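*Asks:* The structure is given below, and queries will be raised subsequently.
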């Protein structure tokens, strides 16, 4: 059977999976899940992911894999999207853990508050923006002398970080002070299968 | 040269690395970093990890790997701590991303507020505790019919989740309603190299 992705098209964590599958030309089906209407809290969904979050990759009728960056690793291993060198593999994971801990928790949350909740005066925004800019600064310094996050080719680390960074404007973040990031975004955007995430 | 770990002994993220190295009987040196006194903000430290966080693994004089769970993967690949099966490898990462996104951000932060800042009335605590109990509930249901998080043996996913879970009391969380978690904690605690994290 084809893989089935349970995801929300306007979620960066879900968009990562679409880009990886399309880059690798792996056939899949997409089942749209509306997290805003509680669809990740149904008994059916919780049986696939007890943590109640999208995306989930259905590998077969009884095998489910949650966590966007774990899905990227599953799809990418033994393809050009994951390096073979042991240290480079760990560096790919280093940037994906950075993405989930230091980047997504700021940029994606600020985007959620602004674009989904439309709360432009939410008191959490200043701290989230400060942390978002800190993450962009770390990325910019790393990319100053590099084309991609790890090694000389596109990897799942680039796809993971592209997902919310290319929508930084949604989060109220200005990318102009981060020229290495914007150059890298253009480079990643030109890769096969990479696409802009739809707006809600 | 031996690996050098830059870490703080009372940090769960750092304690993970110590347990993995001792389980694998890999020689290393430990350099204690006091994050509370700003030592992760020095120019020397930021040259190793621009994100300014411990732990960092120095692989040689010029090669540095940050992010606790990326370090676990680097140390564990091709050892019994990381499975060989593709799906099981992805499931190990699934639980490690769960740890960093849904568990550490609640349990470790509540512990930090209570044990390091000693702010037992901090207004963030109720929400952190709610999220911490949700994470423990997900773990408990998963462990009901299992000995370890993935497969039939100890993996880096167990070490990652053990780090802050065995100190849940520090975070103000009661483990009594989670019997599968406490049984699993005892099982992991008995494994070679696994140790209790020191209190601040």
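*Asks:* Looking at the stretch B:184-199, I want the residues that are over 16 Å from residue B:81 (Cβ atoms) and in the same structural domain as residue B:118 (by TED's automatic domain parsing) and have a partner that is surrounded by fewer than 16 Cβ atoms within 10 Å (Cβ to Cβ) and modelled with pLDDT under 95 with Cβ atoms under 8 Å, at least 6 apart or on another chain. Which pairs are those?
*Replies:* Here the result reads none, with nothing in the stretch B:184-199 linked to a residue that is surrounded by fewer than 16 Cβ atoms within 10 Å (Cβ to Cβ) and modelled with pLDDT under 95.
*Asks:* Right, another one. Out of the residues in the stretch A:36-68 meeting the condition of being more than 14 Å from every other protein chain (Cβ to nearest Cβ) and either at negative phi or assigned to a helix (DSSP H, G or I) (or both), tell me which one is surrounded by the most Cβ atoms within 10 Å (Cβ to Cβ).
*Replies:* The selected residue is A:39.
*Asks:* Please work out if residue A:168 is modelled with pLDDT of 95 or more and under 26 Å from residue A:70 (Cα atoms). Break it down into steps so the answer makes sense when it comes.
*Replies:* Numbers: modelled with pLDDT of 95 or more: yes; under 26 Å from residue A:70 (Cα atoms): yes.
The answer is yes for residue A:168.
*Asks:* Exactly one of these conditions fails for residue A:109: (1) at the interface with chain B (Cβ under 10 Å from one of its Cβ atoms); (2) surrounded by fewer than 22 Cβ atoms within 10 Å (Cβ to Cβ); (3) closer than 27 Å to residue B:51 by Cα. Give me its number.
*Replies:* (1)
*Asks:* Within the stretch A:152-167, can you find the residues that are within 14 Å of chain B (Cβ to nearest Cβ) and farther than 15 Å from residue A:108 by Cα?
*Replies:* Matches in the stretch A:152-167: A:155, A:156, A:157.
*Asks:* If a residue must be outside any loop (DSSP other than H, G, I, E, B) and in contact with a helix residue (DSSP H, G or I) (Cβ under 8 Å, 6 or more places away or on another chain), how many such residues does the stretch A:98-129 contain? Even if it seems obvious, please write down each step before you answer.
*Replies:* Of the residues in the stretch A:98-129, the ones outside any loop (DSSP other than H, G, I, E, B) are A:98-116, A:125-129.
Right, trim to in contact with a helix residue (DSSP H, G or I) (Cβ under 8 Å, 6 or more places away or on another chain) and you get A:98-111, A:113-116, A:125, A:128-129.
Residues meeting the conditions: 21.
*Asks:* Has the stretch A:111-133 got any residue that is touching a residue at least 60 places away in the same chain (Cβ under 8 Å) and under 24 Å from residue B:93 (Cα atoms)?
*Replies:* no
*Asks:* Please find, within the stretch B:1-35, the residue that is surrounded by the fewest Cβ atoms within 10 Å (Cβ to Cβ) out of those that are part of a loop (DSSP other than H, G, I, E, B) and in contact with a helix residue (DSSP H, G or I) (Cβ under 6 Å, 6 or more places away or on another chain).
*Replies:* If we take residues in the stretch B:1-35 being part of a loop (DSSP other than H, G, I, E, B) and in contact with a helix residue (DSSP H, G or I) (Cβ under 6 Å, 6 or more places away or on another chain), then B:8 is surrounded by the fewest Cβ atoms within 10 Å (Cβ to Cβ).
*Asks:* Go through (1) at positive phi; (2) assigned to a helix (DSSP H, G or I) for residue A:151 and report which single condition fails.
*Replies:* Result: residue A:151 fails condition (2) only.
*Asks:* Tell me the residue from A:71, A:33 that is modelled with pLDDT of 95 or more and more than 14 Å from chain B (Cβ to nearest Cβ), please.
*Replies:* Unique residue meeting the criteria: A:33.
*Asks:* Across the stretch A:71-96, what is the total count of residues that are assigned to a helix (DSSP H, G or I) and out of contact with any strand residue (DSSP E or B) (no Cβ under 9 Å at 6 or more places or on another chain)?
*Replies:* Residues meeting the conditions: 10.
*Asks:* For residue B:191, are the conditions met, namely being within 14 Å of chain A (Cβ to nearest Cβ) and either more than 21 Å from residue B:67 (Cα to Cα) or buried (at least 20 other Cβ atoms within 10 Å of the Cβ) (or both)?
*Replies:* no
*Asks:* Something else about it: From the list B:187, B:114, B:124, B:141, exactly one residue is more than 24 Å from residue B:74 (Cβ to Cβ), within 17 Å of the chain's Cα centre (by Cα) and at pLDDT 95 or above. Which is it?
*Replies:* Among B:187, B:114, B:124, B:141, only B:187 is more than 24 Å from residue B:74 (Cβ to Cβ), within 17 Å of the chain's Cα centre (by Cα) and at pLDDT 95 or above.
*Asks:* Applying the selection to the stretch B:36-48, what residues are in contact (Cβ under 8 Å) with a residue 24 or more places away in the chain and touching a helix residue (DSSP H, G or I) at 6+ places or on another chain (Cβ under 9 Å)? I'd like the intermediate steps shown before the answer.
*Replies:* From the stretch B:36-48, those in contact (Cβ under 8 Å) with a residue 24 or more places away in the chain are B:36, B:45, B:48; that's our starting set.
Within the stretch B:36-48, B:36, B:45 qualify.
*Asks:* Same structure again: So if I check each of B:25, B:84, which one is more than 20 Å from residue A:137 (Cβ to Cβ), at pLDDT 95 or above and away from chain A (no Cβ under 13 Å)?
*Replies:* Criteria check complete, one pass: B:25.
*Asks:* In the stretch A:152-171, what residues are surrounded by fewer than 18 Cβ atoms within 10 Å (Cβ to Cβ) and in contact (Cβ under 8 Å) with a residue 24 or more places away in the chain?
*Replies:* Matches in the stretch A:152-171: A:153 only.
*Asks:* Could you list, in sequence order, all residues of the stretch A:87-101 that are under 16 Å from residue A:140 (Cα atoms) and surrounded by fewer than 20 Cβ atoms within 10 Å (Cβ to Cβ)?
*Replies:* Correct list: empty.
The values are calculated or read from the model by the stated rules, or taken from the named source; none is laboratory data. In this text, all values refer to a predicted model and were calculated from it rather than measured experimentally. Note that we place each Cβ from the backbone using ideal geometry, even for glycine, and neighbour counts take in every protein chain shown.
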